[in-house]
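K.L.:
First the structure, then my questions, so here it is.
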Amino acid sequence: MDLIRDVLDKEVVDRNGREMGRVDRLVLFVREGAPPRVAAIELGPAVLACRLRPLFGRWAAALEHAFGVDEGRPVRISFGEVLDITDHVKVDLAFGETAAATIEQRLRRWVGSIPRSS
Amino acid sequence: MSALVDLVLGIVTSIGGFVEVGSISTAAQAGSEFGFQLLWAIAAATVMLAMLVEMSGRLAAVSKRSLAAAVRERFGIHFQIVPLTAELLIDVLLLAAEIGGAAIAVKLLTGVGFQWWILPIGVAIWLVLWLSGFAVIEYGLGLLGLVTLAFVASAWQLKPAVSALGASLIPSLPTHHHTRYAFLAVSILGATVSPYLLNFYSSGSIEEKLNESELWVNRTTAYTGMCFGGVVSMGVLVTSAMVLQPRHIIVDSYDQAALMFVPVFGRWAIMLFAAALGIGCFGAAVELTLNAGYTFAQVFGWSWGANKPRRDAARFTSAFTLVLLAALAVGLIGFDPLRLTMLSVALTVVIMPAVVLPFLVLMNDEKYVKKHTSGAIGNAFLALLTILGGLLALVVIPLEILGG
């Protein structure tokens, strides 16, 4: 598997097919005398921004903190939770039970309070 | 039968949705200053747009990915971030210009200053997006947009010499104001080949669940719809050339452009021009706003779709709402909509190579388009457009300063 081509930046869906985000960063476990192994995938604006510039990553993290949505973020998903890699990266989790859903749930409260939102 | 209905609706709405603030202003200025001489620029830009739109639809139908999603996945965020940021900024400017265009249309009808209409039009755009599914947005606004056929009717009634029109389809140099001529030619390209249209079309194909067996629908809709749409743009230029140029009226405001309908439509002229401008701009504004939501959601992997209940795609809904608010803020500052339009079409040309280049790779990657890769003609076109786009990107800002 080519990690950059086949995993990084690919869409992540939960076990029910619900969009969770994209693979914004890969966490590798470096072993002495053996090839590195993929330990986890990470999702979230802070890690994505960090890939562009570490400073941008710190700004994004500070913004998340300021808005009170930083708990459990960035989301790190163990590679063992990955069920399948096809057009998407499917993980054995439920979106709503992870911190990936924090911002969506927060906004949903506001959006849902407007008539005819459902 | 369903595919046939989709095809007819697709073509009709492509025609109705083709003309908006950029195409009206560039074509009207070109006609009033250079007669028919820039018709070739509209023809060339329309063929380019049709080919790119067909590719966007094919990519979506086969790979089930929109253009923005495919670019993120294939090229990564490092490649995407600069054109994406530039495209979103241009979308905000263009959206402000479209809202300004719609506001001027209401001003033409009511006599009340256009600034007063910016906020109500913003609310109307948001309500359409809040209350409607994709079909209503696409087909409803596209069908209303058929009022822009008034430009074709007007050009037809004015009876232009067919030989002169045919001769104008071959590029030629003007006898005066070479820089202005070059600037308008490049602006017509920027106004026609809007990057937002490409992602909007690919996202729409996914919303409508277009699949591999319906590629013929995509191809026919793209080529027929866009080419007839281009004829509407040509109608603007021809009408402007035959009405405004002989009277030495240079279009430096939409109020002046409205005069082009007077000889054909008489007392209905202003009302008809206002309807064509207003509906064209309003439809484009709704599409631009929706596309901003699509782009954010697809790049970051959020739930999206105009057919989803808004609370089930809260980040997508919030994203398009914020972009609309940003455009309203720009509009309320009080920029002249016509100047804003010309600035945004010039900036569109600057980012064109970064928009076209990914097509060259994606349309040859079997992982995305399977056996439907581009042939020699498609690849030659994309390579030529990338090089041409690169050259135009270098000259457009100097041209904007010297000839804008």
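The values are calculated or read from the model by the stated rules, or taken from the named source; none is laboratory data. Bear in mind the structure is a predicted one, so any value in this text is a computation, not a measurement. Here the Cβ is made from the backbone with ideal geometry for all residues, glycine too, and neighbour counts use every protein chain on show.
K.L.:
Determine the pairs where a residue that is touching a residue at least 24 places away in the same chain (Cβ under 8 Å), located within the stretch A:59-71, has a partner that is hydroxyl-bearing (Ser, Thr, Tyr) and buried (at least 17 other Cβ atoms within 10 Å of the Cβ) with Cβ atoms under 7 Å apart, the partner being 6 or more residues away or on another chain.
P.N.:
Listed by first residue and then by second, the contacts come to A:VAL69/A:THR102.
Conditions tested, residue by residue: (1) aliphatic (A, V, I, L, M); (2) touching a Lys or Arg at 6+ places or on another chain (Cβ under 9 Å).
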{"residue": "B:LEU4", "(1), (2)": "yes, no"}
{"residue": "B:GLY10", "(1), (2)": "no, no"}
{"residue": "B:PHE36", "(1), (2)": "no, no"}
{"residue": "B:ALA43", "(1), (2)": "yes, no"}
{"residue": "B:VAL53", "(1), (2)": "yes, no"}
{"residue": "B:GLY76", "(1), (2)": "no, yes"}
{"residue": "B:LEU93", "(1), (2)": "yes, no"}
{"residue": "B:ALA96", "(1), (2)": "yes, no"}
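K.L.:
Counting just the residues of the stretch A:84-113 that are among the aliphatic types (A, V, I, L, M) and closer than 22 Å to A:GLY68 by Cβ, which one comes out surrounded by the fewest Cβ atoms within 10 Å (Cβ to Cβ)?
P.N.:
The qualifying residue surrounded by the fewest Cβ atoms within 10 Å (Cβ to Cβ) is A:ALA99.
K.L.:
Another one. What about A:LEU55, is it modelled with pLDDT of 95 or more, under 10 Å from the mean Cα position of the chain (by Cα) and not in a strand (DSSP E or B)?
P.N.:
Against the criterion (modelled with pLDDT of 95 or more, under 10 Å from the mean Cα position of the chain (by Cα) and not in a strand (DSSP E or B)), A:LEU55 does not qualify.
K.L.:
Which of the residues that make up the stretch A:26-51 are within 14 Å of chain B (Cβ to nearest Cβ) and either touching a His at 6+ places or on another chain (Cβ under 7 Å) or part of a strand (DSSP E or B) (or both)?
P.N.:
Selection gives A:LEU26, A:ILE41, A:GLU42, A:LEU43.
K.L.:
Now for a separate question. Going by the structure shown, is A:ALA49 modelled with pLDDT of 95 or more and either buried (at least 17 other Cβ atoms within 10 Å of the Cβ) or among the small types (Gly, Ala, Ser) (or both)?
P.N.:
In short, yes.
K.L.:
State the number of residues belonging to the stretch A:52-63 that are buried (at least 17 other Cβ atoms within 10 Å of the Cβ) and within 14 Å of chain B (Cβ to nearest Cβ).
P.N.:
Summing the residues that are buried (at least 17 other Cβ atoms within 10 Å of the Cβ) and within 14 Å of chain B (Cβ to nearest Cβ) in the stretch A:52-63 gives 2.
K.L.:
Further, regarding this structure: Kindly check whether there is at least one residue in the stretch B:32-40 that is on the phi < 0 side of the Ramachandran plot, within 13 Å of the chain's Cα centre (by Cα) and of a type outside the set (A, V, I, L, M, F, W, C).
P.N.:
No, the stretch B:32-40 contains no residue that is on the phi < 0 side of the Ramachandran plot, within 13 Å of the chain's Cα centre (by Cα) and of a type outside the set (A, V, I, L, M, F, W, C).
K.L.:
Something else now. Would you call A:ARG15 in a loop (DSSP other than H, G, I, E, B) and among the charged types (D, E, K, R)?
P.N.:
yes
K.L.:
Tell me which helices (runs of 4 or more DSSP H) are completely within the stretch B:139-209 and hold 3 or more residues being under 20 Å from the mean Cα position of the chain (by Cα) and not charged (D, E, K, R), or say none if there are none.
P.N.:
Output list reads B:141-144, B:149-157, B:178-192, B:195-207.
K.L.:
If I ask for residues that are in a helix (DSSP H, G or I) and surrounded by 24 or more Cβ atoms within 10 Å (Cβ to Cβ), which ones from the stretch B:244-255 would you list?
P.N.:
B:TYR254
K.L.:
Is it true that some residue in the stretch B:43-63 is of a type in the set (Lys, Arg) and more than 14 Å from chain A (Cβ to nearest Cβ)?
P.N.:
Yes.
K.L.:
Another question, if that's okay. Please specify each residue of the stretch B:96-135 satisfying the condition of being assigned to a helix (DSSP H, G or I), within 14 Å of chain A (Cβ to nearest Cβ) and touching a residue at least 60 places away in the same chain (Cβ under 8 Å).
P.N.:
If the condition is that a residue be assigned to a helix (DSSP H, G or I), within 14 Å of chain A (Cβ to nearest Cβ) and touching a residue at least 60 places away in the same chain (Cβ under 8 Å), then B:TRP126, B:VAL128, B:LEU129, B:TRP130 are the ones that fit.
K.L.:
Shifting gears a bit: Can you tell me which residue is farthest from the other protein chains (Cβ to nearest Cβ) among those in the stretch A:1-15 that are free of Cβ contacts under 8 Å to residues at least 24 places away in the same chain and surrounded by 14 or more Cβ atoms within 10 Å (Cβ to Cβ)?
P.N.:
My answer is A:LEU8.
K.L.:
Got at least one residue in the stretch B:73-87 being more than 21 Å from B:ILE24 (Cβ to Cβ), among the charged types (D, E, K, R), assigned to a helix (DSSP H, G or I) and within 14 Å of chain A (Cβ to nearest Cβ)?
P.N.:
There is at least one residue in the stretch B:73-87 that is more than 21 Å from B:ILE24 (Cβ to Cβ), among the charged types (D, E, K, R), assigned to a helix (DSSP H, G or I) and within 14 Å of chain A (Cβ to nearest Cβ).
K.L.:
Determine, yes or no, whether B:LEU93 is more than 25 Å from B:SER56 (Cβ to Cβ) and more than 11 Å from every other protein chain (Cβ to nearest Cβ).
P.N.:
Taking the combined requirement at face value, the residue does not satisfy it.
K.L.:
Condition first: surrounded by 21 or more Cβ atoms within 10 Å (Cβ to Cβ), more than 7 Å from chain A (Cβ to nearest Cβ) and within 17 Å of B:VAL136 (Cα to Cα). Now tell me which residues in the stretch B:305-317 satisfy that.
P.N.:
The one that is surrounded by 21 or more Cβ atoms within 10 Å (Cβ to Cβ), more than 7 Å from chain A (Cβ to nearest Cβ) and within 17 Å of B:VAL136 (Cα to Cα): B:ALA306.
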